[in-house]
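Below is one structure, written out as structure tokens; comments come after it.
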Amino acid sequence: MFIYGVGSAGYYVNARREFWSNIAGGRHSYVVGVISDAWPAPAPGNSVELALTFDGHAVMEHVFHLKKGSYLVYNTEEDSKTPDSYVMMAKPLAERLKRFAKEQGFEPTVRGFVDYLRQNGVEVVGLPYNKHISEIGRRIGVTSPVMLARFVNTFVVALGAALLGLDGEYVARGVGFALGKKADVIEQNKKVAAEAIKLVEKRMTTLQPRNPGVKRIFWNGNEASAYGKIVGGVRLVVYYPITPATDDAMTFERLIPFPVSKDAGELAKLEKIGAVAFQAEDELAAIAIATGGAIAGARSATTTSGPGFSLMAEALSMAGMMEVGVVVTVWMRAGPSTGQATRQGQQDLFYALFAGHGEYPKIVYASGDLEEVFLDNIRVANWAERYRVPVIHLLDKNLSNTFAVTPLPDPAKVRINVERPAVYPQTQEAEAYPLDEVVPPRLLPGVSNAIFHLDSLEHDPEGDPEEDPVAVTKMFERRMQKLGLIEREIPPEEKLLYFGPADAKRVIVGWGSTKTAVLTALEELRDVGFLYVKMLYPYPTDLVKRYLEGRETLFIENNYFGQLAMVTRMFAGIEPTAVAVKFNGRPITADDVVEAYRKFEAGQKIIKIETDL
Amino acid sequence: MTMQIVKRTAADYRWVRPPEWCPGCGHFGVLQSLYNAFAELNLDPANVVLVSGIGCSSRLPHYVKTTSVHAIHGRAIPYALGIKLANPSLEVVVVGGDGDLMAIGGNHLLHLGRRNVDMAVILMDNSVYGLTRGQAGPTLPAGVKVKAVPKANPQGEINPLLLALTAGFTFIARGYSYDIKYTTRLIVEAIRHKGSAFVQIYSPCVTYNNVMTREWYEKRIYKLEEADPAWDPVVHDEKEVDVKLRKALDKIVERDRLPLGIFYKNELVPTFDERYEGLYDPNYRKLPPALQPVEVDGKSVVDFEKLVADRLL
């Protein structure tokens, strides 16, 4: 509601959602970066300028994120509560808070912490929420406690809008967006917003409505991925529910059937075209069903996260052997095992590179912001069809739960390249794996008039089992030549990007969703380069060498090992100068990058980032 | 335009490679029945996809002149399902052994039934793992000791038809591989059936199952319609469902004698295609995922701005 409201006033926003992996009642928070009149809007940092809290739990959780001059909006009805009043508060946090209050000599109540913040220069707007909401409710004819409780979101957002000097009209737009179709509820909430705005006289700033002059979109990473699939021609998405991947497939499913473009030739006669979204019984089935769809000729994908991805390993190897192009969209989360299901991690790079037994060609590709998530979904669908290999698209929880108002991307930036199937005039036998072509002709059952055998066993050109050592060598080499083809055909700018001065002595190296944080940090860090790697396999060894040889490197990653650093050492023979890692389940922020860089400048080799917003 | 009508014979479905099974293996009978069934249905071999997993029986597609996918252990059903979902006009048939379909792949069998996707699954049941030299299969009864293992089986067996009935398969049959004529009929009926069909075929392993041999089976098997000329497994009316299920169940749980034939057939249950067409995509069968053009001159056929209309600012 808040992000859309601010966006509707003409601003750009880059925010993310944090939430607990529990069944009900855990805290959700949205961390919003600096509201900006230009894109890219900065990524969130480690401190908070304005905290809009619903309860005392949130006040205490963010005590150490509020700095002198920042604003806190809170409910004074919670004043007497202590960390122990909140059953959902993590015990270690409750203990830290109580210890802190004791050391500082104040009572560990909400009031105690708020007073502490006031003394440290935080501007506090404390209001008795429920008293006000009840009064407003009486005025607009709502008295049911259940209904009143639902107004709190709108109430708090409106208090925040008031502080930002945002007109009530834009809160109303946020309300309309967030509450969907229920007209009477929307009207009530608009009235609540209008009344709540009057309660705050202070102003942090005045956000004047502006006309950005371009079409913009409010979306999150899961949605960006689904849109990319739909636009990129993916027509079969198979999934087994798992956080944070499910909303990718669910968005795809929700949008079936898709609106047809008026430039769609023959298809333009139809208003809508369909697709299949299919919930499988497990991830073993999910990847197999998606692969089956690709065998039949559909652009097919499966969406998953670490635990499900682990189950898919055998089928990845088969797709490599059988030469089927299937896309696996992996939304990484903090592992190992079940780990932290709703938290950020980049721990699955090694696994993505080496998943599946035996040696076979594949592509591993990562995206770093919402536009990339969208466009790269089109790219990976192209590549799966072109090279007939499994393509692992590495995304993460941070991207999935990034909520942003961005310029509307142009899908035509990535051309959809279709590999036409071979079609024989009449039914005949055909070789599925001829030795003279790196990528075999595209044979589709029921389309090609071809009778052909596909095989997971090592096979002859006809697709029947073969173990003759001479024949095996030829088939193996032919299959592996795809890696060279991939390296040659995919242009360098799709493999990696370099930002900053060409002659920088020091270069930050990163991949995936750390991109936005690093780019935000570069605004502050001068004379630093940023090598941002997207193609992780086949690894762009020569390009990486070109950018990193002879420079000092700082690898920044959301994992424990510094996996990209190790991969770079393995494939490019470059020894990283320093590695900054964060593995507490929280994304790397722009402030983290700046602080890590300062430590790197000071000569530190292994930098552990422990910030917690 | 004149259509050329081709009438194919069983021999037209024979691939160049001869089968590599042990002499006398029950699987030869299944293979011959499959050739016969394809010929009887006159299927275009380029429109058939035969899908298997791993095991002696899963080699079968390599001996058949149709398109085929020899996949990984246990996953024949989901690969087949993906093919069928993407192009429902294909004739998709799964073959596999009891280890492949009932053990490592059991979960997929369970879930195919409730979906009622229009495809046939043929279980070549010999109660042992032949390819890995004779371990107990999931259909081997408790207490039975087969040749290659040191002791009698400490694990109980799965009754495949009981599982299939519970899972929601709408066609359930059992055949015997040495009775090729009868097995052919069952396969033809299974492929013709509109919905998920399951056929268990007793297919003795002459090398490793020295208990459940040809002689053992032939002492026990009988045909449902011979024992009861009034036997009618077909659900003709919704109201008959419970009665027909119970009748099928009675026969499926027989242990001392082993009935063959069609136990249950219900075409009144909507197939997955029909459900999907009704709920999601009215053009699903006309323009399924595999047959849709996705671009014109490199541009998407989908109108992106309309797609995201509710997210635009």
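The values are calculated or read from the model by the stated rules, or taken from the named source; none is laboratory data. Computed from a prediction, not measured in an experiment: that's the story for all the values here. Backbone-built Cβ (ideal geometry, glycine too); neighbour counts: all protein chains shown.
Within segment A:214-244, being out of contact with any Pro (no Cβ under 7 Å at 6 or more places or on another chain), part of a loop (DSSP other than H, G, I, E, B) and away from chain B (no Cβ under 12 Å) holds for A:241, A:243, A:244. When restricted to residues that are assigned to a loop (DSSP other than H, G, I, E, B) and more than 18 Å from the chain's Cα centre (by Cα), segment A:245-264 contains 7. The set of residues in segment A:413-429 that are assigned to a loop (DSSP other than H, G, I, E, B) and more than 15 Å from residue A:388 (Cβ to Cβ) comprises A:414, A:415, A:416, A:423, A:424, A:425, A:426, A:427.
Each row is one residue, and each column tells you yes or no for (1) within 14 Å of another protein chain (Cβ to nearest Cβ); (2) in contact with a strand residue (DSSP E or B) (Cβ under 8 Å, 6 or more places away or on another chain).
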residue: A:324; (1), (2): yes, yes
residue: A:336; (1), (2): no, no
residue: A:344; (1), (2): no, yes
residue: A:350; (1), (2): no, no
residue: A:371; (1), (2): yes, yes
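Of the helices (runs of 4 or more DSSP H) contained entirely in segment B:231-313, those carrying at least 2 residues that are at pLDDT 95 or above and at the interface with chain A (Cβ under 8 Å from one of its Cβ atoms) fall at B:304-307. Checking A:310, A:300, A:317 one by one, the residue that is touching a residue at least 24 places away in the same chain (Cβ under 8 Å), crowded, with 24+ Cβ neighbours inside 10 Å and either of a type in the set (Ser, Thr, Tyr) or away from every other protein chain (no Cβ under 14 Å) (or both) is A:300 and no other. Residues that are farther than 16 Å from residue A:16 by Cα and more than 19 Å from the chain's Cα centre (by Cα): does segment A:369-376 have at least one? There is no residue in segment A:369-376 that is farther than 16 Å from residue A:16 by Cα and more than 19 Å from the chain's Cα centre (by Cα).
Of the residues making up segment B:201-232, those that are closer than 17 Å to residue B:172 by Cα, of a type in the set (A, V, I, L, M) and touching a residue at least 40 places away in the same chain (Cβ under 8 Å) are B:201, B:221. Where strands (runs of 3 or more DSSP E) sit wholly within segment A:445-513, those with at least 2 residues that are closer than 29 Å to residue A:559 by Cβ and β-branched (Val, Ile, Thr) occupy A:506-511.
Being within 14 Å of chain A (Cβ to nearest Cβ) and in contact with a Gly (Cβ under 9 Å, 6 or more places away or on another chain) is a property that does not hold for residue B:127. Could you please let me know if residue A:274 is in contact (Cβ under 8 Å) with a residue 12 or more places away in the chain, of a type outside the set (Ser, Thr, Tyr) and at the interface with chain B (Cβ under 7 Å from one of its Cβ atoms)? Taking the combined requirement at face value, the residue satisfies it. Scanning segment A:370-403 for residues that are farther than 17 Å from residue A:231 by Cβ and either assigned by TED's automatic domain parsing to the domain that holds residue A:566 or acidic (Asp, Glu) (or both) returns a single hit, A:396.
The rows are residues; the columns are (1) within 13 Å of chain B (Cβ to nearest Cβ); (2) surrounded by fewer than 24 Cβ atoms within 10 Å (Cβ to Cβ).
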site: A:387; (1), (2): no, yes
site: A:400; (1), (2): no, no
site: A:413; (1), (2): yes, yes
site: A:420; (1), (2): yes, yes
site: A:443; (1), (2): yes, no
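Inside segment A:55-74, can you point out the residues that are touching a Gly at 6+ places or on another chain (Cβ under 7 Å) and closer than 25 Å to residue A:152 by Cα? Within segment A:55-74, A:73, A:74 meet the criteria.
Condition first: crowded, with 16+ Cβ neighbours inside 10 Å and not charged (D, E, K, R). Now tell me which residues in segment B:219-244 satisfy that. B:221, B:224, B:231, B:233, B:235, listed by residue number. None of A:140, A:133, A:186 is among the hydrophobic types (A, V, I, L, M, F, W, C), at pLDDT 95 or above, over 24 Å from residue A:16 (Cβ atoms) and assigned by TED's automatic domain parsing to the domain that holds residue A:104 except A:133. When A:176, A:213 are checked against the criterion of being outside the structural domain of residue A:126 (by TED's automatic domain parsing), of a type in the set (Gly, Ala, Ser) and at pLDDT 90 or above, a single residue qualifies: A:213.
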